[in-house]
Amino acid sequence: MLGGLLERVVEAMVNGIAAGSYPAIVALMALESALMPVPSEIVMPFAGFLVARGEMSFAGVVAAGVLGNLLGSVVAYYVGRRWGRRAVLRIPWIEEDHLRVAENFFQERGAVALFLGRMAPVVRTVISLPAGMAGVGPATLVLTTIAGSVPWNAALVWAGVVLEENWVMVKAYLEPVSVIIVIAAVVYVSLKLRGR
């Protein structure tokens, strides 16, 4: 039952991205890089499904993802530059730990962190903020964002292509994986509520 539900969710996501085409990918990836809770780990593999089906091009999807990352990163950069840490921590889903990890990552590695940070989960979403707070030049931000976003997006799209090509095999594992996901989600929410 859960496997069938997860399968329908996958199809709904793929159809949603297909309906919006490349602009939808740009918008979703821009939201992720502008501190919104839209994970690229979901968006880009679903776009990869469409690449495998011949409905979109690999290069076009990667380019749309990179453009979205760049647009969102510029927004986050200027938020960090203008309003700083205190304003950022008012965003409900940005936790101080996430920002601290990105700040430490940035301070230890300097401008190289902007490139490497684009390929590190969690860090990639908030790395533009400490860059803005530190006054990194806009050109450096743009170049490192593009250079780091290309391999990340390409890898996620490729993962989606591989999944689609092996979808019959993937479906066989949906049921047990779905159960694990539901249990993990319930445990996570319970621990969060207990913590509060």
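The values are calculated or read from the model by the stated rules, or taken from the named source; none is laboratory data. All of these numbers come straight from a predicted model, not from anything done at the bench. Note: ideal-geometry Cβ built from the backbone for every residue, glycine included; neighbour counts use all protein chains shown.
Values as computed for the structure displayed
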read-out: Filtered residues of segment 22-34 (kept if surrounded by 20 or more Cβ atoms within 10 Å (Cβ to Cβ) and under 10 Å from the mean Cα position of the chain (by Cα)); value: Leu28, Met29, Ala30, Glu32, Ser33
read-out: Number of the exception - Ala12 against (1) surrounded by 16 or more Cβ atoms within 10 Å (Cβ to Cβ); (2) modelled with pLDDT under 90; (3) among the small types (Gly, Ala, Ser); value: (1)
read-out: Segment 38-58, subset surrounded by fewer than 18 Cβ atoms within 10 Å (Cβ to Cβ) and within 18 Å of the chain's Cα centre (by Cα), residue modelled with the highest pLDDT; value: Phe58
read-out: Residues located in segment 35-68, provided they are under 13 Å from Trp152 (Cβ atoms) and polar (S, T, N, Q); value: Ser40
read-out: Subset of segment 73-98 (residues that are of a type outside the set (A, V, I, L, M, F, W, C), exposed (fewer than 13 other Cβ atoms within 10 Å of the Cβ), over 21 Å from the mean Cα position of the chain (by Cα) and modelled with pLDDT under 75); value: Arg86
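Yes/no matrix, rows are residues, columns are (1) surrounded by 14 or more Cβ atoms within 10 Å (Cβ to Cβ); (2) charged (D, E, K, R); (3) within 21 Å of the chain's Cα centre (by Cα); (4) modelled with pLDDT of 80 or more:
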| residue | (1), (2), (3), (4) |
| --- | --- |
| Val123 | yes, no, yes, no |
| Ala139 | no, no, no, yes |
| Trp152 | yes, no, yes, yes |
| Leu193 | no, no, no, no |
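To keep it simple, each residue is scored yes or no on (1) of a type outside the set (Val, Ile, Thr); (2) under 14 Å from Ser40 (Cβ atoms); (3) modelled with pLDDT of 70 or more; (4) crowded, with 19+ Cβ neighbours inside 10 Å.
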position: Leu116; (1), (2), (3), (4): yes, no, yes, no
position: Met119; (1), (2), (3), (4): yes, yes, yes, no
position: Gly132; (1), (2), (3), (4): yes, no, yes, yes
position: Leu143; (1), (2), (3), (4): yes, no, yes, no
position: Glu165; (1), (2), (3), (4): yes, no, yes, no
